[in-house]
1. Using +1 at the Cβ of each Lys and Arg and -1 at the Cβ of each Asp and Glu in the chain, identify which of ALA188, VAL209, TYR126 lies farthest towards the dipole's positive end.
2. Need the C-alpha centroid separation for the stretch 40-60 versus the stretch 281-313, integer Å.
3. Near LYS310, which lysines are there with a Cα under 22 Å away, not counting those fewer than 8 places off in the same chain?
4. So, counting K/R as plus one and D/E as minus one, what does the shell of residues with Cβ under 10 Å around ALA110 add up to?
5. So, in nm, how far is label TYR155 from label ILE235 when the simple model puts each one 7 Å beyond its Cα toward the Cβ?
6. Quick one: what are the phi-derived ³J(HN,Hα) couplings along the stretch 66-79, Karplus 6.51/-1.76/1.60 with θ = phi - 60°, whole Hz, x for glycine and proline?
7. SER285's amide H: which non-local residues (gap 5+, or another chain) put their own amide H closer than 5 Å, with H modeled 1.01 Å from N in plane and none for Pro or chain starts?
8. Under 14 Å from the Cβ of MET181, count the other residues' Cβ atoms, weight Lys and Arg +1, Asp and Glu -1, and hand me the total.
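Each value in this text was obtained by applying a stated rule to the coordinates, not by laboratory testing. Keep in mind it's a predicted model, so treat the numbers as computed, not measured. When we count neighbours, we look across all protein chains shown, and the Cβ atoms used for this are built from the backbone with ideal geometry, even at glycine.
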Amino acid sequence: MSACCGVLLAALAALVPARAQPALAGVALPPDVDDSVLVLGRISDDPKSHYEQLKPLLEYVVPRMASAGIRSGRILMARDFQQMASYMRRGRVDWVTETSGNAVLLEQRAGASSMLITERDGAGRYRSVFFVRRDSPIRTLKDLAGHSVAFQSPYSTSAYYLPASMLLESGQRIDLLLSPMDRPPADAVGYLFARTELNITTWVHKRLVDAGVLSNLDWLSPQRLPPAFAADFRIIAESQDVPRALVLTRAGLNPKVEARLREVLMEASGDPDAGEAMRLFLGTSRFLPVTAVDRKALDDFGAGVARVRKEVE
């Protein structure tokens, strides 16, 4: 791959050429420069490490896109979700892979389209699991009023957006706490961000918080839920399944490019030449079509995410 695949940090974003697309409402797009460059994006706080994860897959994809007019590729990092949404609205990024939470936000805020499901380590879908200590009086989500729950991070699908939307749907009000020592009012559920899955399970086990949330995949992981802790926990609620991650393309991408990209990615799992690139690409095992059931789950989840953004944040 040529030097055009070098890492372009957010500070250099103004220097990145972009291609024209049909204007989104109220957005002025940069002039048409080169439709032969396919730009893969990533939200990153560690551009060097993430570049090494993305580069092999881009190098695999680009030569197979020649029939759609693609001649080279580029990786563009965004420092946060807002910057990535801006890149996609303005045509600076053509495709990204994101978890369902960020995916539905990119659909809502950037007009992006969820094209494929990204199966990671053999799992294409997952769900949220609420848990408490076995000796806790909490039995249902409604019992969480006046208690605290540990989420992971503000952009986690399974350990923030899904469980927060479930609490709102159950009629609960949720308030951010200052620390595990802080307590919510009797008519609200207090929440904190623990940053890692292991912190979530540790906080619940040590009674620093009353409940925690993991994905069902993390619930089965000894690294994230130590067996010694698991014996003291029980599940009180689970969410619907949602896609674990999705490939999204920007609004206005050439339909011929989008169709060929879909073909290349879906065929990659059966191509030995793609094996190492797929493994490095966040443990991707294959790319799957978005079914009608998946689309319904994403639409429902998107409504929940919008409610969380409006009522909680």
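1. ALA188
2. The stretch 40-60 and the stretch 281-313 have Cα centres spaced 22 Å from each other.
3. Filter leaves LYS142, LYS296.
4. +3
5. Between TYR155 and ILE235, the simple spin-label model gives 2.8 nm.
6. 4, 5, 9, x, 8, 10, 7, x, 8, 10, 10, 8, 10, 6
7. GLU119, ARG120, ASP121, GLY122
8. +1
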